Structure formats: C-alpha cells, structure tokens
1. Only residues that are part of a loop (DSSP other than H, G, I, E, B), open to solvent by 80 Å² or more (accessible area, probe 1.4 Å) and in contact (Cβ under 8 Å) with a residue 24 or more places away in the chain: list them for the stretch A:1-30, please.
2. Given the condition modelled with pLDDT under 95, surrounded by fewer than 17 Cβ atoms within 10 Å (Cβ to Cβ) and not in a strand (DSSP E or B), answer yes or no: does some residue in the stretch A:73-94 qualify?
3. Among the residues of the stretch B:68-87, which ones are open to solvent by 50 Å² or more (accessible area, probe 1.4 Å), in contact with a Ser or Thr (Cβ under 7 Å, 6 or more places away or on another chain) and over 14 Å from B:CYS23 (Cα atoms)?
4. Test A:LEU112 against the stated conditions and say whether it is open to solvent by 20 Å² or more (accessible area, probe 1.4 Å) and modelled with pLDDT of 95 or more.
5. If you take the residues in the stretch B:22-59 that are away from chain A (no Cβ under 13 Å) and part of a strand (DSSP E or B), which one is least open to solvent (accessible area, probe 1.4 Å)?
6. A:PHE33 fails exactly one of the following numbered conditions: (1) in a loop (DSSP other than H, G, I, E, B); (2) open to solvent by less than 60 Å² (accessible area, probe 1.4 Å). What is the number of that condition?
7. Please go through the stretch B:70-97 and give me each residue that is assigned to a loop (DSSP other than H, G, I, E, B) and either under 20 Å from B:ARG9 (Cβ atoms) or within 9 Å of another protein chain (Cβ to nearest Cβ) (or both), ordered by number.
8. So which of B:ASP30, B:ASP38 is farther than 20 Å from A:PHE39 by Cα and acidic (Asp, Glu)?
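The values are calculated or read from the model by the stated rules, or taken from the named source; none is laboratory data. Please read all numbers here as calculations on a predicted model, not as lab measurements. Counting neighbours? That spans all protein chains shown, and the Cβs are built from the backbone with ideal geometry, glycine included. Quick note on the areas: whole protein, heavy atoms, side chains included, nothing else; ligands and nucleic acids left out. Shrake-Rupley method; radii C 1.70, N 1.55, O 1.52, S 1.80 Å.
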Amino acid sequence: QQQVKQSPQSLIVQKGGIPIINCAYENTAFDYFPWYQQFPGKGPALLIAIRPDVSEKKEGRFTISFNKSAKQFSLHIMDSQPGDSATYFCAASMLGSARQLTFGSGTQLTVLP
Amino acid sequence: EADIYQTPRYLVIGTGKKITLECSQTMGHDKMYWYQQDPGMELHLIHYSYGVNSTEKGDLSSESTVSRIRTEHFPLTLESARPSHTSQYLCASRRQGRETQYFGPGTRLLVL
C-alpha cells in the first residue's frame, strides 16, 4: 500500500526551466515532508524539508509548496541546470516507528543544456 | 555532509553464500535504518534500530537480519544469499529529536 504517491515518473526540461514534481499523501499523521536528491551510484541526500504548519519553504533555487487540506506537496526547481539532473524522491514521516520514512516512487529529472 | 559509510560498495556473490553488509556512522546517532532499493524504484524500510541492542523489522519483509552491538555500527546479514536478494541496500542514521535521516552511499548486491 503506497502511502505517498509521486508524479511524474520522469521529466525533461530545458536549462533555465522550472520543473515541478508533485506528491500526495494519505496519512494525516505525517508531520515531516523531506525531498531527497539521488545521483546514480550515490545514496539519497536531503535537499529541503517542510512541516505542515507552513505553506511554502524556499532554500536557494528549491521551493516546497505544501497544501495541507489537499494533502499534497510539490517541489519546484527554479532556473534548473544540467547538474540538477538526478532522481528526486519525496518522503513523509511521523512520530513513532522511529520516524521511518515512507518514500514516493521517484522522479527522474533530466535538464538539457 | 554526513559521515556514514557502507562497505562493500559493490558485491557479486553466488547463491547460498553468507554475506554481511557493513554500515558505520561517526555522528553518534542513536537511530539507524536499512532500506532496500531496486533500480529506479522507491526505498523500502527493512530494519531499524532505536539504539544499542534494539532492532525492529520494517514494513518490507526481508530474510536479512541485523545487529546493533555498538552505537556506530549496524551490520546487515544474509545467511544464504539468493538471486531475489539482488538489490541496492542503503543505510541511514538520525539523531534523537531530529527528523533528518542521513544516508550512506549504498551497497549494490548481485547474487548469481
């Protein structure tokens, strides 16, 4: 049972474009929503994270938009660069169960030069 | 930058062999995790540990076992490897009171 649904599966944009990756969750007990970036052959690295008490968080070129009522959150990458080409995972966790992360299925982003 | 290490990075082994995947962290984190990730797919939790001598199974059923004798060390063992165990195994850790999990580089396992 997938508790975090991520779309699209893959995304291709031109350099400078603004890719948007969307995630939806079911469990209202989730209270922490991170995005991880993973390059081939590497482990996931935390990119940015948000809690449900804010609707938007920005760090550099990366922005999370959060809609608590719709149980959705999204990642926007401003002025995307070829170096941003990677797989992006959204995730969610809650208190209890050692705060295990429930991951989305991932989005493979390609930024063309 | 997180200091979490996994060895080996790549392992090719025959069916029936016993293997141990190593994971170590130098951050003093008490929470540690093992995830399994098939190529291009999401990560699934297979084991976690609250601290020394505390281990639990994750949501994804796994034939592997883990131990936590020291805070910094969280090895995963497969007693008899099978081709169905072929996957990438990722270790992560987290500090008590913080939500962020830090991941190691992973071990890619191929069982022939």
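1. Within the stretch A:1-30, A:GLN9, A:LYS15, A:ILE18, A:GLU26, A:THR28 meet the criteria.
2. yes
3. B:ARG82, B:PRO83
4. Working: open to solvent by 20 Å² or more (accessible area, probe 1.4 Å): yes; modelled with pLDDT of 95 or more: yes.
Yes; evaluated as a whole, the condition is true for this residue.
5. Among them, the one singled out is B:SER24.
6. Going through the list (1) in a loop (DSSP other than H, G, I, E, B); (2) open to solvent by less than 60 Å² (accessible area, probe 1.4 Å), A:PHE33 breaks only (1).
7. Within the stretch B:70-97, B:GLU72, B:PHE74, B:PRO75, B:ALA81, B:THR86 meet the criteria.
8. Values: B:ASP38 fails: farther than 20 Å from A:PHE39 by Cα.
B:ASP30 is the lone residue from the list that is farther than 20 Å from A:PHE39 by Cα and acidic (Asp, Glu).
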